[in-house]
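Input: a single structure, listed below in structure tokens.
Coordinate-derived values only; no laboratory data. Predicted model, so just to flag it, every value in this text is computed and none were measured. Positions of Cβ are generated from backbone atoms using ideal geometry, with glycine treated the same way; all protein chains shown enter the neighbour counts.
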Amino acid sequence: GQNIDQPTEMTATEGAIVQINCTYQTSGFNGLFWYQQHAGEAPTFLSYNVLDGLEEKGRFSSFLSRSKGYSYLLLKELQMKDSASYLCAVRDYSGGYQKVTFGIGTKLQVIP
Amino acid sequence: GAGVSQSPSNKVTEKGKDVELRCDPISGHTALYWYRQSLGQGLEFLIYFQGNSAPDKSGLPSDRFSAERTGGSVSTLTIQRTQQEDSAVYLCASSLSPQGYPNYGYTFGSGTRLTVV
């Protein structure tokens, strides 16, 4: 099984930088995803990490440390439209197949 | 289709009735997943299909829940004798390859909001 922890809520100011952390415990780790979910909408794929290090994609970056079971999502130059929930999801290989498990999500509120 | 399509978008049903939720994945996506999201909760895995077979049904909460997929495409999630605790948003997702491997994320549908009264 998996245990995925992330803060439930965060608040940040428009134009600032925010870091959303995710820790996980799993065997057979095989990748970590970040998704964005606006209220009342479906989650949308943001990023994927399987090796240690930073993956940058525009204003969004995602970092992974496999030895620490730790990832973060970094959002730069925050915009009001970035107010959403951010879901950390871990894929692992167990029981003969791969499975993706989602965390509860971090609700980010961007204020003027 | 261009995206994952789910129907109905909203469903209100009386306790004890059966409901069917439909998912039409992206054309060519062999893997299909059902998740459930209750208010303020994370995504709860229900079932995974690869083609028409379901190698992982471990998330189905009880024997009142079943799902099938035909023609490697459309999937139906059936809930029998619905209970109030079944009220949630049921999300379907598809991906090109099993479990979103290697780095293709899932594409989610907009979900079916089920309310059991």
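Computed values, structure above
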read-out	value
Order of B:Ile79, A:Ile17, B:Ile26 under a 10 Å beta carbon neighbour criterion, fewest first	A:Ile17, B:Ile26, B:Ile79
Computed Rg/Rh of the protein assembly as shown, alpha carbon atoms with Kirkwood Rh	0.97
Neighbour-limited loop hits for GluC sites (Glu not before Pro), the stretch B:1-106 (at most 10 other Cβ within 10 Å; DSSP other than H, G, I, E, B)	B:Glu14
Highest-fluctuation residue, B:Ser95, B:Ser75, B:Ser62 considered, GNM on chain B with Cα pairs under 10 Å	B:Ser62
For chain B, Kirkwood radius (reciprocal of mean inverse C-alpha pair distance, Å)	14.1
At most 12 other Cβ within 10 Å, DSSP loop - trypsin sites (Lys or Arg not before Pro), the stretch A:41-98	A:Lys68
Burial ordering of A:Ile104, A:Ile20, fewest other beta-carbon atoms within 10 Å first	A:Ile104, A:Ile20
Ascending count of other beta-carbon atoms within 10 Å, so fewest first, for A:Tyr70, A:Tyr24, B:Tyr33	A:Tyr70, A:Tyr24, B:Tyr33
³J(HN,Hα) computed for each position of the stretch A:11-24 - Karplus, 6.51 cos²θ - 1.76 cosθ + 1.60, integer Hz, glycine/proline x	10, 9, 9, 3, x, 8, 10, 9, 10, 10, 8, 9, 10, 8
Selection of trypsin sites (Lys or Arg not before Pro), the stretch B:1-97, meeting DSSP coil and at most 15 other Cβ within 10 Å	B:Lys15, B:Lys17, B:Lys57, B:Arg64, B:Arg81
Extension gain (nm, one decimal) between B:Glu14 and B:Gln84, 0.36 nm per residue minus Cα-Cα	24.3 nm
From phi via Karplus (6.51, -1.76, 1.60), per-residue ³J(HN,Hα) for the stretch A:100-110 in Hz, x at Gly/Pro	10, 10, 9, x, 6, x, 10, 7, 9, 10, 9
Translational D in µm²/s for chain A (Stokes-Einstein at 20 °C, 1.002 mPa s, Kirkwood Rh from C-alpha pairs)	152
